[in-house]
Structures are given as structure tokens and as C-alpha cells.
Amino acid sequence: MSTRFAFVGFRHPHIFDMYRRCQTHADISVVACCEENAAAAKELAKAGEVQVTHTDFAALLASVECDVVAVGDCYGRRADILTQAMEAGKHVISDKPLCISLSELERIEETASAQDRVIGCMLDMRDLPVYLGLRKLLQAGEIGEVHAVSFDGQHPLLYGQRPMWYFEPGMHGGVLNDIAVHAVDFIPWATGQRIDAVVAARGWNATVREHPEFQQCGQAMLRLENGAGVICDVSYLTPDSFAYEMPLYWRFTFWGSQGVLEATANSQGITVFKNGENQPRDVPLPSGKPGAYLDSFLREIRGERDNLHLSSAEILTAARTALALQKVADDGQVCQVLDQVR
């Protein structure tokens, strides 16, 4: 029997990837699509890809038999949608981020626990060949123990093309939570080392004069449980003309006791600088696992718990880490142990 998905909110383009996968997935039936924003619903009708069946989420919950609510609304609206769906007995899956505050995340976690619901998220960095390859090399001990990590997750702002709700107060929630969540999920999964502290974090506006309160730039330092340091930049500073084809897009460098690994989202291979060798070596990429986050979500709904590609628990941990990072930046704090950030 197919798992019945109802989609709520199409205000961010990421959700269309999930929607298309669900449309073609043998074990999924899309039974409803809701868009409460009138202008967005009009655009969806004009584009023709999505047939909007509801313009009121409460009416959808009351009238549609579904197993899962998939959420792609504005970041600031997601917590309410997720909790209402779980209270109605639905499992939930969302584009990242799940929400924009630690208090919202606590409400999501409490509701999921009380209702025994599964939470999914489009943390699809785990699905891509480059990052699967990096993980494989790290897990095999290619560079020994990891002692330092740096990553650059800069994005193009694409002002005028990016949804304008990004710049509305209370809707975006900060660049670190928005972008760094991918990396704070990937790094522990790849290295086997939990992130246990935020050392420092900062967010600011550099060039978006039209919206001076918008947090465009973000930099941070974190610590892994083995003492390794992580340093990052996740600003919206990539030139728009290069967009997502920039060679530096999502660059990761892992520094270990026996060498260095480096690759980007657009790399054709992974570069290895191994101690004892005097020339860099390129390692071919493995096959990707497109949509693995979605398949893992379906497995967890069925009650499977072993060898999941991405679990509810890991999703909640990544969300908590990214939100703690954001809070440290917003509060101007330094060196906060994650368990103490509230």
C-alpha cells in the first residue's frame, strides 16, 4: 500500500525536488497539495506542475486521508505546520530548516515524542557522490584521525529571484541556521565525531541595503568531541553570475593526522594529500544515492531502525546544532557547550 503524502507550502524551490520524487516513487501517492498564500497559489497554477487542491491547511487536515505531511512553506511558518500535522496523527517531512528557534524545535520534538511520529528532512548532502566519497575515505582512515575541518557554503543571493519572504522579519531566521545545517549534519556522519560545542559565531549584513536587518553573512567555529576544530563561512556572497556553478561551492577540507582531503559540490573527484606521498592524488567519486533521505524516511515510518541512511534522531540533532549556532551569533555569545544553549 502506498504511503499517502499531502504537501503544504511551495514557498521555497527545494520542495519541488521532493514533490517530483514523490510523484514518481512506487511507494508514494501524492493525495493533496495546499498553498495558503494566494499569490504563490496563483503562480503554481500558472506554472502547471502542481495542482493546488486546498488553500487552507486546517481544511486539508480535516478532509484528506494522508499518512505524511510534507512541508515547504516559509521557514518561519514550518514549526506550526509540523506540530499541527503531528497532533493530527501524521508523520512529517520538511525541507531544511525545520524551524527558526530552539523553542520551536523543543515543541516539535515534544510533539513527535508524544504522538510517536517520524520526522524527515531534506538533508540531501548525504545523498551526493562527493560527500559519500568523502565519508568513505574518512571512515576508511585514509587521512587518520581528523583534527581540523573547514567548509565554505557560500551561496548566491539572487535578489529578485529568491523568494521575498526571506527578507520579512521572523521568516528567515538567520543564515547560519539556513545554510550550515547541511554541514553540521554531514560532518559528524562523515567523521564519526559529534559536534559538542560552538566556539564562536557571527552573522551580519554586508550588501543588502534594501533590507539592513537581513542576516546575509555568517561565520563560525565549532568543536568536535575529539577536540578537532571546525571553521566555516556560509554567506550569501557568491557572485550571482556564477550562481551554483562556482568551483568553490560547498568546499570541504578535512585535515587529519596522516593527510588532507578536499572536494567541492562541483568536483569531479576528491583530492588526497597523503603523508608520505609528494603529489596530490585524485580519487574517483562513488555513485550517488538520489532521494536516499526520502527512502530512509519511509523505512523509519515502517518501523525499521537499523542502518538508516538518515534518521529522525540525526535530523533533530542537526537542527539543534544549527539553531544553537544561530543563537550564539544572535546573542553575541562565545564558547557555548551545546547542552547549555537554551
*Please work out which residue is most open to solvent (accessible area, probe 1.4 Å), limiting yourself to the stretch 113-160 and to residues that are part of a loop (DSSP other than H, G, I, E, B) and touching an Asp or Glu at 6+ places or on another chain (Cβ under 8 Å).*
Tyr159
*asked:* Taking the conditions exactly as written (of a type outside the set (Asp, Glu) and touching a Leu at 6+ places or on another chain (Cβ under 6 Å)), does Gly288 satisfy them or not?
replied: yes
*asked:* Return the residues of the stretch 313-324 that are buried (at least 24 other Cβ atoms within 10 Å of the Cβ), closer than 17 Å to Ser113 by Cα and small (Gly, Ala, Ser); say none if nothing qualifies.
replied: Ala319
*asked:* I'd like to check which helices (runs of 4 or more DSSP H) are fully inside the stretch 1-112 and have at least 3 residues that are at pLDDT 95 or above and open to solvent by less than 10 Å² (accessible area, probe 1.4 Å).
replied: 14-24, 75-87
*May I ask you to say which residue of Leu138, Leu123, Leu132, Leu102 is in contact with a helix residue (DSSP H, G or I) (Cβ under 9 Å, 6 or more places away or on another chain) and over 26 Å from Asn266 (Cα atoms)?*
Leu102
*Please state which one of Pro239, Pro284 is touching a Pro at 6+ places or on another chain (Cβ under 8 Å), in contact (Cβ under 8 Å) with a residue 12 or more places away in the chain and at negative phi.*
Pro239
*Within the stretch 199-216, is even one residue farther than 15 Å from Phe252 by Cα, among the polar types (S, T, N, Q) and in contact with a helix residue (DSSP H, G or I) (Cβ under 8 Å, 6 or more places away or on another chain)?*
yes
*asked:* Which condition from (1) open to solvent by less than 10 Å² (accessible area, probe 1.4 Å); (2) farther than 21 Å from Leu138 by Cβ is the one that Val230 breaks?
replied: (2)
*Got a sec? Which of Tyr249, Tyr244, Tyr293 is open to solvent by less than 10 Å² (accessible area, probe 1.4 Å) and within 24 Å of Gly173 (Cβ to Cβ)?*
Tyr293
_So the check is Cβ under 8 Å with 6+ separation or different chains; which pairs have a first residue in the stretch 307-321 that's closer than 13 Å to Arg126 by Cβ and hydrophobic (A, V, I, L, M, F, W, C) and a second one that's in a loop (DSSP other than H, G, I, E, B) and modelled with pLDDT of 95 or more?_
Leu310/Leu123; Ile315/Leu98; Ile315/Leu123; Ala318/Leu123
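The values are calculated or read from the model by the stated rules, or taken from the named source; none is laboratory data. Remember, it's a predicted structure, so these values are computed and weren't measured experimentally. Cβ atoms come from the backbone with ideal geometry, glycine included; neighbour counts cover every protein chain shown. Remember, those area values only see protein heavy atoms, side chains included, never the ligands or the DNA or RNA. Shrake-Rupley method; radii C 1.70, N 1.55, O 1.52, S 1.80 Å.
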